[in-house]
1. Keeping all protein chains in place, calculate the accessible area per residue for the range 31-166 (probe 1.4 angstrom), answer in Å².
2. Once the other residues with Cβ under 13 Å from the Cβ of Pro128 are scored (Lys, Arg +1; Asp, Glu -1), what is the net sum?
3. Past 24 Å, Cα to Cα: identify those pairs from Lys35/Lys57; Lys112/Lys133; Lys41/Lys152; Lys129/Lys152, in the order given.
4. Quick check on the range 38-107: what are the equivalent-ellipsoid semi-axes from the Cα gyration tensor, as sqrt(5λ), descending, whole Å?
5. Provide the net charge surrounding Gln155, with neighbours chosen by a C-beta distance below 11 Å and charges set as Lys +1, Arg +1, Asp -1, Glu -1.
6. For the range 18-162, give the percent of accessible area contributed by carbon and sulfur heavy atoms, probe 1.4 Å, rounded to a whole number.
7. Loop only by DSSP, 14 or fewer other Cβ within 10 Å of the Cβ. Give me the chymotrypsin sites (Phe, Trp or Tyr not before Pro) in the range 37-101 that pass, ordered by residue number.
Amino acid sequence: MENSTTTTEWYENQIREDGCFCMRSMQKAPGYVQKLNWTEKEFTQGLTYIQLRKDNKPVGFIEYALGEQAWRAVHADGYLVIHCIWIAVTGLGLGSQLIQRCIQDAITLGKKGVAVVTNIDTSWAPGPKIFLKNGFRHVEDAPYSFQLYVYKLNQEHSDPYFPDNWVLRLDRFSEGLTIALF
């Protein structure tokens, strides 16, 4: 429970001012600068980046986009798609607050709901637990432990879905991998 001196603040689409939370330690790296530039450009296409701070310290963020613009391998037209969520301080309900904010944006924008791709075997994709806690349901599985979850605002809407051409998608990378050591 928060005490009276603890404040929670939301910062929306201020990535240049507040920093890219997932790459805070590498602010001078070319990849960090590219991420900032890409993210700011995507704001005009419906990307939303919300950083949550407690007592002026970053404690988490969520990034989501219109389903038609999402960069996850999922067909989710009419939905918002969560790209990323990260929480530094667990047990305070901060992740649920961020997810509920995304759901509220879906309602405000007249969307079908919110979709998210999860994976318990990777460190870069969220696990499903927090989404199940927030009313999402499992829709579909994909290769390599990826799962699709959805929070539908109207149960009559069609579900988002994964593409069915995984082998074809992977074949374009079958020429091999080249690693250069410098």
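The values are calculated or read from the model by the stated rules, or taken from the named source; none is laboratory data. Keep in mind that what you see is a predicted model, and the values were worked out from it rather than measured. All Cβ positions, glycine included, derive from the backbone under ideal geometry; neighbour counts span all protein chains shown. Surface accessibility is based on the protein's heavy atoms, side chains included, excluding ligands, DNA and RNA. Shrake-Rupley method; radii C 1.70, N 1.55, O 1.52, S 1.80 Å.
1. For the range 31-166, the per-residue accessible area is 48 Å².
2. 0
3. Lys41/Lys152
4. Output for the range 38-107: semi-axes of 23, 13, 10 Å.
5. +1
6. 52
7. Hits after loop and neighbour filter: Trp71.
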